[in-house]
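Undergrad: Dropping the structure in here first, questions after.
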Amino acid sequence: MIEVKNLTKQFGSKTAVDDLSFSVEQGEVLGFLGPNGAGKSTTMRVITGFIPATSGEVEICGIPIAKQPESAKRKIGYLPESAPLYEDMTVAGFLRFCASIRGFSGVARNEAVDRVIETCFLQTVVHQSIDTLSKGYRHRTCLAQSLLHDPEVLVLDEPTDGLDPNQKHEVRKLIRELGKKKTIIFSTHILEEVEASCTRAMIIDQGRIVAEGTPESLRNEGSGSITELFRKLTTSDVAA
Amino acid sequence: MSVIGIFAILLLTAALIGGPLLIANIRAIFCREVNSFFTSPLAYVLMFIFLVAVNALTFLWPGRELVESEQAALKDFFFFYHPWILAFYAPLLAMRTLADEHRQGTIELISTMPVRTIELVCGKFLGSFIVLFASLLFTASVWITVSILGDPDHGPIIAGYLGSLFVGGAFIAVAIAVSAVTRSQVICVAVSIPICLLLCIVGFDPVQNFFADSGVGFLSFTGELLASISVMPAFVDFSKGLIEIRYLFYFVSVIALCLFITNTVLQSKRS
């Protein structure tokens, strides 16, 4: 599970995340919504241990990421926003490298790589160089590395960005499937995605939670549409 | 200077033993570096230019042609040029290491995996170092040539090679430290080559003679100070066949200092 307590992150004088607290239990899929610059990616970067919090705490399955980063990182699979990859490697080479870092070797490593290649539908590009991949394949390759070690916690920053409708559908299905056993937090701009895959959603703006609940309760709050609620809550802040 | 050296080695050791060090992680990063180097055509171009430069300077430099000198010792010919060539070659080898991680954004990926920053830094350093080692191995053609043409003393040649490895290692460490700060390979090269050249020039004989001959106490002291930070006095001893503990210590401390700086920069960059 993920436990975020009073998380604040400042960059100089700018507060990107402001006293954020929430928790995600096992078997939950939390959708993280918010306009650009709301603090979604920053929160995810703190949760995954890429950047330290200015104040507050993050625990992954009870392990504080600030104090025991390596142990906590073993529990997390992370898909960063821009799906960064080593351009000069092949898909298989990249996944094998990530699997080695995740502690796999020999047959176990090959099995882990084969499993994620199948899960993320990468069979046709296995031996292709990453710099020749389309955006959709790049995203799925990066998603594949996050699943290699079958992590308890998945943090996915815009996992469906750049995918075509078929691929989006498959990834949403995958998230739903994985969400039954794992703890998942994912960010998105696409509001129907929340209804399609999340058990709970949170709208944040200017680093603060402005709405939280099940997709249904958010829909009710927004008089029948999450989009309405999103626009109401986030545009009002822009106007202010 | 030795105080700084001891301090640098202690700091790097503290960073290394600050947590469980996974050799498997260093090995994985090292292998990726080496693979990535040899899949790039640039690598072969760089190696080719390096070998051409070494051989051309050794055999063709006017007034210093190895064959015409009828000497089998390599100190004044082949090894004489090594620090200068390495001042260009080592930064070119190491420029991609961390600058590329920042440019591609993969630093975010690798930093969120269970890898300690120091493991990343060591893997990167060793990756570039082994390529340097392979490059120097290819220059053994010169050694073979003088062995066929004459009867060289192999001891100083082996020591000279050890010196070249240390100088190259120190320059790679300098370039890695610079590449931690920037995402541009061009900036990395443009900054680290002058630093490496400076580490050569300040201990180069003509420069040292200038300070020694000046007769001014302050300048003589400056000369000694510069010599103590330069790779030259150490390298010259190596190429003569002298392996002194203090010079081994010098190279280890330069490498330790640069790797420690890299580790610190990478950690502080994220906050």
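Undergrad: Out of all the residues in the range B:159-181, which are within 17 Å of B:A134 (Cβ to Cβ) and either touching a residue at least 60 places away in the same chain (Cβ under 8 Å) or aliphatic (A, V, I, L, M) (or both)?
TA: The answer is B:L162, B:S164, B:L165, B:F166, B:V167, B:G168, B:G169, B:F171, B:I172.
Undergrad: List the pairs whose first member sits in the range B:1-30 and is surrounded by 17 or more Cβ atoms within 10 Å (Cβ to Cβ), whose second member is hydroxyl-bearing (S, T, Y) and modelled with pLDDT of 75 or more, and whose Cβ atoms are under 6 Å apart, counting only residues at least 6 apart or on separate chains?
TA: The qualifying pairs are B:G5/B:S253; B:A8/B:S253; B:I9/B:S253; B:A28/A:S100.
Undergrad: Next question. Looking only at residues that are surrounded by fewer than 16 Cβ atoms within 10 Å (Cβ to Cβ) and of a type in the set (D, E) in the range A:1-25, which one is nearest to the chain's Cα centre (by Cα)?
TA: Selected residue: A:E25.
Undergrad: Search the range A:106-121 for residues being part of a helix (DSSP H, G or I) and within 24 Å of A:K168 (Cβ to Cβ), and hand back the single one that is nearest to the other protein chains (Cβ to nearest Cβ).
TA: A:V116
Undergrad: Given the conditions (1) in contact with a His (Cβ under 9 Å, 6 or more places away or on another chain); (2) among the β-branched types (V, I, T); (3) at pLDDT 90 or above, which single one is not true for B:V34?
TA: Of (1) in contact with a His (Cβ under 9 Å, 6 or more places away or on another chain); (2) among the β-branched types (V, I, T); (3) at pLDDT 90 or above, only one is false for B:V34: (1).
Undergrad: If you take the residues of the range B:127-147 that are among the hydroxyl-bearing types (S, T, Y) and within 25 Å of B:F30 (Cα to Cα), which of them is modelled with the lowest pLDDT?
TA: Here the residue is B:T139.
Table: residues versus (1) free of Cβ contacts under 8 Å to residues at least 40 places away in the same chain; (2) facing chain B (nearest Cβ under 9 Å).
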residue: A:P64; (1), (2): yes, no
residue: A:E70; (1), (2): yes, yes
residue: A:R74; (1), (2): no, yes
residue: A:Y78; (1), (2): no, yes
residue: A:Y86; (1), (2): no, yes
residue: A:M89; (1), (2): no, yes
residue: A:G93; (1), (2): yes, yes
residue: A:I101; (1), (2): yes, yes
residue: A:F104; (1), (2): no, no
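Undergrad: Please go through the range B:229-271 and pick out each residue that is closer than 30 Å to A:R45 by Cα, out of contact with any Leu (no Cβ under 9 Å at 6 or more places or on another chain) and free of Cβ contacts under 8 Å to residues at least 60 places away in the same chain.
TA: B:S268, B:S271
Conditions (1) more than 17 Å from B:E101 (Cα to Cα); (2) surrounded by fewer than 17 Cβ atoms within 10 Å (Cβ to Cβ); (3) modelled with pLDDT of 95 or more, marked per residue:
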site: A:A66; (1), (2), (3): yes, yes, no
site: A:E70; (1), (2), (3): yes, no, no
site: A:D114; (1), (2), (3): yes, yes, yes
site: A:R140; (1), (2), (3): yes, no, no
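Undergrad: Hey, another quick one. Please verify whether B:S128 is within 30 Å of A:L79 (Cβ to Cβ), within 14 Å of chain A (Cβ to nearest Cβ) and of a type in the set (G, A, S), treating the condition exactly as stated.
TA: no
Undergrad: Which residue, of B:A175, B:A140, is of a type in the set (A, V, I, L, M, F, W, C) and surrounded by fewer than 21 Cβ atoms within 10 Å (Cβ to Cβ)?
TA: None of the others qualify; the one that does is B:A140.
Undergrad: Could you please find all residues in the range A:26-76 being more than 16 Å from the chain's Cα centre (by Cα) and of a type in the set (K, R)?
TA: A:K67
Undergrad: Give the number of residues within the range B:32-42 that are part of a helix (DSSP H, G or I) and at the interface with another protein chain (Cβ under 8 Å from one of its Cβ atoms).
TA: Of the residues in that region, 4 qualify.
Undergrad: Which members of the range A:48-62 meet the condition of being of a type outside the set (D, E) and either more than 9 Å from chain B (Cβ to nearest Cβ) or on the phi < 0 side of the Ramachandran plot (or both)?
TA: Selection gives A:T48, A:F50, A:I51, A:P52, A:A53, A:T54, A:S55, A:G56, A:V58, A:I60, A:C61, A:G62.
Undergrad: In this structure, does A:T183 turn out to be in the same structural domain as A:A53 (by TED's automatic domain parsing) and within 24 Å of A:K73 (Cβ to Cβ)?
TA: The answer is yes for A:T183.
The values are calculated or read from the model by the stated rules, or taken from the named source; none is laboratory data. A quick note: this is a predicted structure, and the numbers were derived from the prediction, not measured. Cβ coordinates were reconstructed from backbone atoms using ideal geometry, including for glycine residues, and neighbour counts include every protein chain displayed.
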